[in-house]
1. Return Tyr110, Tyr134 ranked ascending by Cβ neighbour count within 10 Å, so the fewest neighbours appear first.
2. Sorted by packing (mean other beta-carbon atoms within 10 Å per residue), highest first, where do 81-88, 154-161, 177-184 land?
3. Any chance you could run the full-extension gain for Thr131 through Lys105? It's 0.36 nm times the residue separation minus the Cα-Cα distance, nm to one decimal.
4. With labels modelled as points extended 7 Å from the Cα through the Cβ direction, what inter-label distance (nm, one decimal) is found for Glu97 paired with Ile147?
5. Given the Cα-Cα distance of Lys139 and Lys155 and 0.36 nm per residue of separation, how much length would full extension add, in nm?
6. Of Val182, Asn170, Ser123, which is farthest towards the positive pole of segment 82-188's charge dipole, taken about the Cα centre with +1 and -1 on the beta-carbons of Lys, Arg and Asp, Glu respectively?
7. Can you give the extra length, in nm with one decimal, that the chain gains between Arg164 and Asp178 once fully stretched, where that is 0.36 nm per residue apart less the Cα-Cα distance?
8. Would you mind computing, in nm to one decimal, how far apart the modelled labels at Ile84 and Leu117 are, each placed 7 Å from Cα along Cα→Cβ?
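Since every read-out is calculated from the coordinates, none of them should be taken as a lab result. Please read all numbers here as calculations on a predicted model, not as lab measurements. Every residue, glycine among them, receives a Cβ derived from its backbone with ideal geometry; neighbour counts consider all protein chains shown.
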Amino acid sequence: MDENNIDNNQDTSNKDAGEKMTMPLVKNVDSKLFVTVVVLVIFMVSIVITMLGKMQTSEQPDDVVVSVVPELVTSVIETGPEKISAGEALPEGFPEELLLETNAKITNGYSINYGDLTQLTASFDSTKTLTENYETYEKFLNDKLWIILNKNQTKSLSAIYAMRRGEEINLVIEKTDDTSRVSISLLKN
């Protein structure tokens, strides 16, 4: 067969002079269907990948706390806490060595019993500045082998959170008009 015969056998009903022949309708539908199927497959694959990613990250709940010191375990408290106010005195069992300022006048003292744990808190007005107290307590905790887990210092408020042998300490220092106010909370077994 020669090329002229092949051209003559094709559908020329839509063929004008100099115009290229169009594809048959069946081939157009097949190419549109193919493109649609490819787009749907890509869409479905992206959904599956997204879902798998969420499943892998959701295996560990958002509220899980990773313990820095494994031997310290906070127990679940089934009964409400019992607060015992000491007024303007140290609560019973509060270590006096944590009061680094001589003649510190306690403005608020209390203890809270959480069953297995006890929180002892003492607050006092200091004659030292916020920065002086922060540096003094940071050095004290390091010297006494506390592990400082978090600390923050701003112009108006500073805080140090540390742990040692089953005890946790949270120290907050606020700037006041004259000097500063120190609040020390100790959580122990």
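1. Arranged by neighbour count, lowest to highest, Tyr110, Tyr134 become Tyr110, Tyr134.
2. 177-184, 154-161, 81-88
3. Length gained, Thr131 through Lys105: 7.4 nm.
4. According to this spin-label approximation, the distance is 1.9 nm.
5. Computed gain between Lys139 and Lys155 is 3.8 nm.
6. Result: Asn170, furthest along the dipole toward the positive end.
7. Stretched out fully, the Arg164 to Asp178 stretch lengthens by 1.8 nm.
8. Output for this residue pair reads 1.9 nm.
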